[in-house]
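Please read the structure below before turning to the comments.
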Amino acid sequence: MKKQFFAVLLSFSILSACSEVGPSDSSYPQDPEDARKLRYGKLSGEGGINLFGKDDEDASAVASTGLAVNAFLWRATLDTLSFIPLASTDPIGGVIITDWYENPEAPTDRFKVNVTILDKRLRSDGLRVSVFKQKSEGKSGRNWRDLPSDDTMAQKLEDAILTRARELKIASTKR
């Protein structure tokens, strides 16, 4: 009796393994990417788990550029601040922090720039620039005193970054 049961179970499993998997009508995905998504599912996007508020367009932008922020703003920021040594960059969080920069024309002053890219789209409000300024006290040049932040310099840097980002975007569409 046991042998017959196992024989029936084995034949049933063989037959079910040979049957067609998935719908046989025309609604079955013809695109290989859609078929892959159907087989493996998705962790983000429609019908899936969306942990960080990213949609498929954002995910594809991250996959293609390696950045989680707007690539034009990121590149424009690095281009604009290329004369200042960088202390830290975070392409996932969109943060660029420079080291202190001393202008050769004004050796008693130095400044530091922090740029935060806030959006994945190229927008004027998708960028925040902060400038910190210090002045040297004494003859040694080692005692630095903080000065109020320079909002006009921050605005000029922000404008320069946005202009450069627009130039990069225009150049990329001409290719």
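Identify, by number, the condition in (1) surrounded by fewer than 16 Cβ atoms within 10 Å (Cβ to Cβ); (2) in contact with a helix residue (DSSP H, G or I) (Cβ under 8 Å, 6 or more places away or on another chain) that residue 120 doesn't meet.
Single failed check for residue 120: (1).
Only residues in region 106-119 that are under 14 Å from residue 87 (Cβ atoms) count as the first member; pair them with residues that are in a loop (DSSP other than H, G, I, E, B) and β-branched (Val, Ile, Thr), Cβ under 9 angstrom, at least 6 apart or cross-chain, and list the lot.
111/84; 112/84; 113/84
Return the only residue of 169, 133, 156 being assigned to a helix (DSSP H, G or I), among the basic types (Lys, Arg) and over 19 Å from residue 69 (Cβ atoms).
On the way: 169 fails: over 19 Å from residue 69 (Cβ atoms); 133 fails: assigned to a helix (DSSP H, G or I).
None of the others qualify; the one that does is 156.
Among the residues in region 53-75, are any at pLDDT 55 or above, surrounded by fewer than 15 Cβ atoms within 10 Å (Cβ to Cβ) and out of contact with any Lys or Arg (no Cβ under 8 Å at 6 or more places or on another chain)? Spell out how you get there, then give the answer.
Narrowing region 53-75 to residues at pLDDT 55 or above: 66-75.
Among the residues that remain, those that are also surrounded by fewer than 15 Cβ atoms within 10 Å (Cβ to Cβ) are: 66.
Then keep just the ones that are out of contact with any Lys or Arg (no Cβ under 8 Å at 6 or more places or on another chain); that gives 66.
Yes, region 53-75 contains at least one residue that is at pLDDT 55 or above, surrounded by fewer than 15 Cβ atoms within 10 Å (Cβ to Cβ) and out of contact with any Lys or Arg (no Cβ under 8 Å at 6 or more places or on another chain).
Condition check ((1) surrounded by 14 or more Cβ atoms within 10 Å (Cβ to Cβ); (2) not hydroxyl-bearing (Ser, Thr, Tyr)) across all residues:
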| site | (1), (2) |
| --- | --- |
| 95 | yes, yes |
| 100 | yes, yes |
| 108 | no, no |
| 130 | yes, no |
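The values are calculated or read from the model by the stated rules, or taken from the named source; none is laboratory data. The structure displayed is predicted, hence computed values, not measured ones. Because the Cβ atoms are built from the backbone with ideal geometry, glycine has one as well, and the counts that use them run over all protein chains shown.
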